[in-house]
Amino acid sequence: HFENERGEFSVETVGPGIYQVQAAADGYAPVWSREISTDSSEPVGLSLTPGGAVAGKVVDAEGLPISGAKVIPLSVAGGMMPTTRDVFVCEDGAVVTADGAFRLEHLPAGDETLKVTHPDYALTTVENIAVAEDKSTEGVEIVLTPGGTVEGHVYDEKGEPLANEVLHVQDDSGYSGSGDEEAGRLGTTVTDSNGFYRLIHLPQKLCYVQRKDVWRGPGVVVRAVVPR
């Protein structure tokens, strides 16, 4: 965080290379700088603008409004690294629907992606929503569905059911075991005394079921396609 009368900032880098700086302030849209080489001594300038807005409603398959849905803009909640720039790594900038309605302010101009979550529905993402500077994109309708279910059993190497095993369901962007794992998590559950697990409200897509901490010890990963 930097604050002075001239808007100046100074950031130490971890080493030589190519960097970018993102600036964000209340009442303005976040903005990325050009690529910056540490070999250059030229100052970096960023110009903040109010940005644009997106407004609409979240409904179910019958067109009824859904309250309590969380609408998250990728331009604010995306990661800082090149590998996570297009991944929702947090819920910054989110708004919650009231009678299905939502409005997001101070978004950067360009194409926006929204992620919508609700405990009773499968999460969904909507891409290519046009945002224009000093304008409001109205009438965006997002439909949530109950989603699909994945269930099964977990056994040890002797065929005995494993109880109290923590399982994560990941999408293909959060399957690599790197820092984007939590961002790609679609759900978590625990097996019962018979080794049985069940996860509901999953989006229709390829997903992976894995034991907790599979990357640090013995585990198994199962690939599943969630149907409509």
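The values are calculated or read from the model by the stated rules, or taken from the named source; none is laboratory data. Keep in mind that this is a model prediction, so the values were computed, not measured. Please note: Cβ atoms are built from the backbone with ideal geometry, for glycine as well, and neighbour counts cover all protein chains shown. To get the accessible areas, we keep the full protein, side chains included, count just its heavy atoms, and leave off ligands, DNA and RNA. Shrake-Rupley method; radii C 1.70, N 1.55, O 1.52, S 1.80 Å.
A search for C-beta distances below 7 Å between a residue of region 130-156 that is basic (Lys, Arg) and any residue that is part of a strand (DSSP E or B), counting only pairs 6+ apart in sequence or on different chains, returns Lys135/Gly52.
Does Ala101 meet the test of being open to solvent by less than 30 Å² (accessible area, probe 1.4 Å) and either free of Cβ contacts under 8 Å to residues at least 40 places away in the same chain or among the aliphatic types (A, V, I, L, M) (or both)?
no
As a summary of the residue check, Thr13 satisfies the conditions (1) surrounded by 11 or more Cβ atoms within 10 Å (Cβ to Cβ); (2) farther than 25 Å from Glu133 by Cβ; (3) in contact with a strand residue (DSSP E or B) (Cβ under 8 Å, 6 or more places away or on another chain) except for the one numbered (1). Taking the condition of being modelled with pLDDT of 85 or more, closer than 28 Å to Thr84 by Cβ and of a type in the set (Ser, Thr, Tyr), how many residues in region 153-188 meet it? The number of residues fulfilling the criteria is 1.
Conditions (1) touching a Ser or Thr at 6+ places or on another chain (Cβ under 6 Å); (2) within 30 Å of Arg6 (Cα to Cα); (3) assigned to a loop (DSSP other than H, G, I, E, B); (4) of a type in the set (Asp, Glu), marked per residue:
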{"position": "Asp39", "(1), (2), (3), (4)": "no, yes, yes, yes"}
{"position": "Val44", "(1), (2), (3), (4)": "yes, yes, yes, no"}
{"position": "Gly56", "(1), (2), (3), (4)": "no, no, no, no"}
{"position": "Asp92", "(1), (2), (3), (4)": "no, yes, yes, yes"}
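Looking at region 189-197, can you tell me whether even one residue there is surrounded by fewer than 18 Cβ atoms within 10 Å (Cβ to Cβ), modelled with pLDDT under 75 and outside any strand (DSSP E or B)? The answer is no; no qualifying residue exists. Filtering region 61-82 to residues that are surrounded by 12 or more Cβ atoms within 10 Å (Cβ to Cβ) and closer than 9 Å to Gly100 by Cβ leaves Pro65, Ile66, Ser67, Ala69.
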